[in-house]
Amino acid sequence: MIDGGEAIRKLALNVVRYTGLAPLAKPFVGGIGAILMLHRVTATPEKPDSVNRHLTIAPEFLDAVIADMKANGYAFVTLDEAIERVKAGGKGGQFAAITADDAYRDNMTEALPVLEKHGAPVTIYVAPGLINGAADLWWEAVEDIVNARDELTLPTPQGRIKIDCSTPGKKLQAIARLQAYLTLEVREEDQRAALRELARSNGIELDGPRQSTLMNWDEIRAMAGHPLVTIGAHTVNHRNLKRLSEADARHEVDDVRRMLQAELGEEPRHFAYPYGYASAVGGREVGFARDAGYASAVTTRHGVLRAEHAGFLHALPRISVNGRYQSVAYIRTMLSGVTTPLANAGKMVVTI
């Protein structure tokens, strides 16, 4: 998704890095460990210039990050062990847990060999609706729709709006406009119908479940049986919980456990909030995850783990390892803990 703050964040990272502040500050603000967040891991992205390219890193970069962290004393542990270490106040040294959202197929084909090389466990958060085709990777579909046309018609309750997609710059504007329409202007539960109507009215076929992009159930079952892999829950349909009624939000959080148990033979113990930022998860949603009985729940808030997170196991921050920052030096800076308060209005213990 489009992010106008990337240049500013890179500038801040570089300032911290080149002033030498990060290694000096790490003993004081580095926390006890970190949860890393991945999405796609592939050396051959289908759309290398995609607006969603930040979701993708190269396997070689993942390899380099893990190797560098191990060399700097991090132990890579399961999410279950990470939670126990948080509860113990970080005894046993610095640790990291790797997580991956959405169950992309390249997690199996390209990320897993890297994880096997390092003996690094991973928790993959699955939304059954995405796997079954009941929900869409709408951020990918929007880009495909815009790229297929020089002009689009957006059907809205106020009438049809013409959108210019004739140049690369106009396409970026069009994608931002459609993202805002789907995530702000239509109800969350109507998002899929609105996306399908957008495609239909512009003569574009959507392919349902993205078979080339996401794992199928047989592949997820195979991954669940791997000694390094834990399957977690990512709601039923990858919906923004904050935009749903209490009943619908609880359905998304609760029923995904039953669905994953039916497919995999085991209930998930860990949960990830879709989107995970402030407009998608707050205190109400954290309460839902706690009530559902999950051992942990993660957001996309930026931050390292601290001993105080023992009291906030259903609102844990992560460090995003993404295509915007494919530099080991950037990851080192983030892990130092210096960027945690910079990204969170001075907060050292990041929750929601």
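The values are calculated or read from the model by the stated rules, or taken from the named source; none is laboratory data. This structure is a prediction, so every number in the text was calculated from the model and none was measured. FYI the Cβ positions are ideal-geometry reconstructions off the backbone, even for glycines, and counts take in every protein chain you see. Heavy atoms of the whole protein, side chains included, go into the accessibility calculation; ligands, DNA and RNA do not. Shrake-Rupley method; radii C 1.70, N 1.55, O 1.52, S 1.80 Å.
Points to keep in mind about this one:
- Sole residue being open to solvent by less than 10 Å² (accessible area, probe 1.4 Å) and of a type in the set (Asp, Glu), chosen from Asp102, Asp80: Asp102
- Taking each residue of region 176-199 that is within 22 Å of Val281 (Cα to Cα) and looking for partners that are open to solvent by 30 Å² or more (accessible area, probe 1.4 Å) and basic (Lys, Arg) with beta-carbon atoms closer than 8 Å, six or more apart or interchain, yields Arg187/Arg243; Glu188/Arg239; Glu188/Arg243; Glu189/Arg239; Gln191/Arg239.
- Within region 75-116, the set of residues being basic (Lys, Arg) and in contact with a Leu (Cβ under 7 Å, 6 or more places away or on another chain) comprises just one member, Arg105.
- When Ala295, Ala315, Ala278 are screened for being under 17 Å from Lys87 (Cα atoms), surrounded by fewer than 21 Cβ atoms within 10 Å (Cβ to Cβ) and modelled with pLDDT of 95 or more, only Ala295 passes.
- Checking every residue in region 204-216 against the condition of being open to solvent by 20 Å² or more (accessible area, probe 1.4 Å) and modelled with pLDDT of 95 or more gives at least one match.
- Only one of the listed residues (Ser212, Ser245) is farther than 22 Å from Glu285 by Cβ and among the hydroxyl-bearing types (Ser, Thr, Tyr). That residue is Ser212.
- Residue under evaluation Leu130, criteria (1) touching a Pro at 6+ places or on another chain (Cβ under 8 Å); (2) of a type outside the set (Ser, Thr, Tyr); (3) open to solvent by 10 Å² or more (accessible area, probe 1.4 Å), criterion not met: (3)
- Of all the criteria given as (1) closer than 18 Å to Ala100 by Cα; (2) open to solvent by 30 Å² or more (accessible area, probe 1.4 Å), the one not satisfied by Ala343 is (1).
- A single member of Arg258, Arg239 is out of contact with any strand residue (DSSP E or B) (no Cβ under 7 Å at 6 or more places or on another chain), farther than 30 Å from Ala43 by Cα and open to solvent by 50 Å² or more (accessible area, probe 1.4 Å), and it is Arg258.
- Candidates Tyr325, Tyr273, filtered to the one that is under 19 Å from Asp101 (Cα atoms) and surrounded by fewer than 24 Cβ atoms within 10 Å (Cβ to Cβ): Tyr325
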